[in-house]
Structures are given as C-alpha cells and as structure tokens.
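These notes are about the structure you will find just below.
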Amino acid sequence: MLVNSHKYGRRTAMKIIQTPKEMSEFSEKMRGEGKKIALVPTMGALHEGHMSLIDIAKKNADIVVVSVFVNPTQFGPNEDFAAYPRSLEADAAACEERGVDVVFAPSASSIYRKDASTYVVEEEVSANLCGKSRPNHFRGVATVVSILFNIVRPHAAVFGEKDAQQVSVIERMVRDLFIDVEIIRAPLVREKSGLALSSRNKYLHGAQLETARRLSQALLVGKKMVEDGCLNIHRVKAEIVNQLSRSSRIRVIYVEIVDAKTSLPVKEIVPGKCRAALAVWLDQTRLIDNMVL
Ligand code: AMP
C-alpha cells in the first residue's frame with residue numbers, strides 16, 4: 001500500500017507493509033542495494049517521543065522502518081491490551097511527514113501462529129522493576145523484538161530511554177544471542193510540564209494530568225538531593241516515594257535506583273551513573289518514568 005507521495009520533497013512514497021513476507025522481501029532488496037536499515041519498534045499512537053526516535057534512525061540509516069504493532073504477548077491478562085489506543089491512519093500520516101520509508105503494521109495472526117510455543121526469555125535484567133509487577137512482560141517484549149529483527153533484518157534499532165529497563169533487556173538479549181543489530185538509545189522526551197510523553201497519557205484527563213506531573217517533579221527532588229551530596233539510596237528513594245505519596249490518586253508500584261545503563265540494582269549512588277526508576281498507578285492508569293541522578 002502506498003500513501004501520498006512527493007509531499008515535503010520526498011522522492012519516493014512511504015510504504016505501508018502489512019505482511020512479514022512483503023517486509024522481508026523489501027528489506028532483502030534494500031540490503032542487496034547496500035542500504036543501511038534502521039528499525040523503530042512501536043505500539044503506535046505515535047507522539048513526539050516516537051518522532052525523536054525516527055529522527056535518530058534517519059541520522060543512522062538510509063532506510064527507516066517504523067513497526068506499529070500492539071504486541072499481545074507483552075500484556076498481562078488484566079492489562080490494557082484491548083483498550084490500548086490504536087490509530088494507524090494518523091500514525092502513518094505522522095511517519096510520512098517525518099520522512100519514514102516504511103510503516104510495518106502486521107496483524108497479530110501474521111506474527112504469532114495459533115500454536116506458537118517459542119519465547120525469548122532474558123532472566124537477569126528482567127527480574128527487577130517492571131518485571132516484578134508485570135510477569136512475562138519482558139518475555140513478550142524480547143520475543144516480539146526478536147521476531148521483528150528476523151523479519152525486518154535491520155542493521156540498527158532505536159529504543160527510547162522512557163522504557164530504560166526495556167532497552168537494557170534488549171541490549172542484554174542482543175549481546176547474549178549474538179544478534180547482529182546495533183541498539184541505539186534515544187533520550188526520554190518530556191512535555192514542557194515535565195510529564196514524560198506516553199501513549200498511555202491518552203487515558204488521563206483534567207486533574208489526572210496535573211497529578212501526572214508529580215512523577216517528574218518527584219524524580220527532580222531525588223536528583224537535587226544527589227546533587228547536594230546525598231548518596232544514600234534509601235534516603236533518596238524514601239524522599240521520592242514521599243513526594244509521590246502526597247497525592248491520594250497515586251499508588252506507588254516501585255521506586256528503585258539502578259545502574260543507568262544495565263538497569264541492575266546498585267549498592268550506592270554514583271552521580272551521573274545511576275537512574276531512579278518508578279512505576280505508579282494514577283487512578284486506573286499505570287505510568288512509568290525515570291531520570292539519571
Ligand atoms: P511504545 O509505542 O510505547 O511501545 O514505545 C515505542 C518506543 O518509543 C520505545 O522504544 C519507547 O521507549 C519509545 N518512547 C515512548 N515514549 C517516549 C518518550 N517520551 N521519549 C523517548 N522515547 C519514547
């Protein structure tokens with residue numbers, strides 16, 4: 001499927017590809033022509049955070065593929081898979097405007113056979129943080145990213161530090177399995193208010209949006225403590241929890257201080273090398289945020 005061509009001075013039209021077979025064939029052709037391919041995996045409902053990943057992909061490759069796939073295997077049984085915002089038309093338009101070459105939007109049945117029984121499980125990085133509160137989440141992520149890598153055959157893939165633990169899991173997976181894909185980290189993009197951009201912000205309304213700003217504010221308080229010389233993990237963590245708990249809408253799932261690159265637990269804070277990561281329930285919406293301290 002082709003969408004509006006020749007907009008914004010593009011020489012070729014952006015493609016929307018919906019089957020793994022067509023995607024693989026396109027990538028093989030591009031590789032044959034010596035083109036470098038970068039993949040930006042997403043679940044759609046694209047915002048400026050995703051667009052920043054696309055910009056980085058464009059700087060690092062000749063061909064940018066954005067996958068839009070709400071991956072069923074990374075959602076738990078009581079999570080928001082059904083409610084997750086889906087807006088392929090608007091996503092494709094945004095991608096085209098940003099200069100993406102291919103939007104790969106496969107159906108779930110083309111990615112997973114009914115009797116699929118093979119998963120990729122990373123066991124150490126996945127054990128903390130979101131891995132504890134979302135059993136099997138990272139198994140779903142590692143599996144779908146492996147599948148996407150096998151179909152798209154990218155030279156590089158861009159992941160955002162909004163999901164810092166996810167990048168750490170993918171980096172570990174690529175290292176352990178000798179997967180020949182360069183993993184590029186993209187910085188977390190925030191609104192002016194400090195709120196980390198997220199597709200799940202669409203679930204928030206009115207006063208909830210106000211409350212959501214407390215996440216980054218709490219992290220900033222932690223960062224300031226470290227800048228002022230407090231390197232005690234328990235005190236910094238406790239203060240972040242304290243800041244969050246001032247709102248009755250917020251229930252803390254976790255606040256942890258981890259290694260900024262590996263997302264593994266640390267014993268002491270090393271300024272610039274540690275990351276405070278948190279997850280909360282804001283009413284019925286699960287939100288995450290993190291900041292290097
Ligand atoms: P998602 O569609 O939420 O699965 O996210 C797809 C990719 O975009 C992941 O690598 C995310 O980390 C990244 N991403 C989402 N929100 C942001 C943000 N605010 N800043 C940077 N990257 C982001």
Taking M43, M291 and counting other C-beta atoms within 10 Å, the order from fewest to most: M43, M291
Rounded to 5, percent antiparallel among DSSP beta bridges of the chain: 50 percent
Pairwise FRET efficiency - R235 versus D176, Cβ, R0 = 45 Å, nearest 0.05: 0.80
Full-extension gain in nm, R249 to K114, via 0.36 nm per residue minus C-alpha separation: 44.6 nm
Cleavage-rule hits (GluC sites (Glu not before Pro)) in region 13-83: DSSP loop, at most 13 neighbouring Cβ within 10 angstrom: E33, E79
Least to most buried among I184, I250 (fewest other Cβ within 10 Å first): I184, I250
Against the rule of thumb 2.2 N^0.38 Å, how large the Cα Rg of the chain comes out: 1.02
For region 202-216, 3J(HN,Hα) per residue [Karplus equation, 6.51 cos²θ - 1.76 cosθ + 1.60, θ = phi - 60°, Hz, x = Gly/Pro]: 4, 6, 9, 9, x, 4, 5, 5, 4, 5, 4, 5, 5, 4, 5
Loop trypsin sites (Lys or Arg not before Pro), region 192-236 (other Cβ atoms within 10 Å of the site Cβ: 12 or fewer; DSSP): K192
Nearest 10 degrees, 0 to 90: helix 164-176 Cα axis against the chain principal axis: 60 degrees
All lysines inside 30 Å of K29 as judged from Cα atoms, apart from same-chain residues fewer than 8 positions distant: K7, K15, K21, K58, K59, K114
DSSP loop chymotrypsin sites (Phe, Trp or Tyr not before Pro) with at most 13 other Cβ within 10 Å excluded, longest remaining stretch of the chain: 1-118
Nitroxide proxy distance, nm - points 7 Å out along Cα→Cβ at E28 and H205: 5.0 nm
V266 paired with N78, simple spin-label distance in nm, labels 7 Å along Cα-to-beta-carbon: 3.4 nm
Amide H contacts of K36 (H built 1.01 Å from N, under 5 Å, at least 5 apart or other chain): D62, I63
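Bear in mind these aren't lab numbers, they're just calculated from the coordinates by the rules spelled out. The structure displayed is predicted, hence computed values, not measured ones. Neighbour counts are summed over all protein chains in view; Cβ atoms, including those assigned to glycine, are modelled from backbone coordinates with ideal geometry.
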